[in-house]
1. List, please: which pairs have Cβ atoms under 6 Å, are six or more places apart or on different chains, and start with a residue in the stretch 26-52 that is free of Cβ contacts under 8 Å to residues at least 24 places away in the same chain and end with one that is open to solvent by 80 Å² or more (accessible area, probe 1.4 Å) and not in a helix (DSSP H, G or I)?
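The values are calculated or read from the model by the stated rules, or taken from the named source; none is laboratory data. As the structure is a prediction and not an experimental result, all values here were calculated from the model. A quick note on method: Cβ atoms are made from the backbone with ideal geometry, for glycine too, and the neighbour counts reach across all protein chains shown. Areas reflect the complete protein model, heavy atoms only, side chains present, ligands, DNA and RNA absent. Shrake-Rupley method; radii C 1.70, N 1.55, O 1.52, S 1.80 Å.
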Amino acid sequence: GIHGINFLLAESLDGGGVSSLHLDPQGKTYSQVLLELEIPVPEQDACNWGLV
């Protein structure tokens, strides 16, 4: 019920980066990039979700 999206970036660092499930600098960088993306949402869906 939190309207979240889970992203899996397979092989995005070509095998590099930290091999851990903990937050890491690469993950924080990706999250900032994703937060800047505009995602088009059909008006009807936005109304149903209480976004407008």
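1. Pairs that qualify, where the first residue is free of Cβ contacts under 8 Å to residues at least 24 places away in the same chain and the partner is open to solvent by 80 Å² or more (accessible area, probe 1.4 Å) and not in a helix (DSSP H, G or I), are A46/V52.
Per-residue answers, yes or no, for (1) aromatic (F, W, Y); (2) modelled with pLDDT of 70 or more; (3) open to solvent by less than 60 Å² (accessible area, probe 1.4 Å):
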residue: L8; (1), (2), (3): no, yes, no
residue: S12; (1), (2), (3): no, no, yes
residue: V18; (1), (2), (3): no, no, no
residue: E38; (1), (2), (3): no, yes, no
residue: Q44; (1), (2), (3): no, yes, no
residue: C47; (1), (2), (3): no, yes, no
residue: V52; (1), (2), (3): no, yes, no
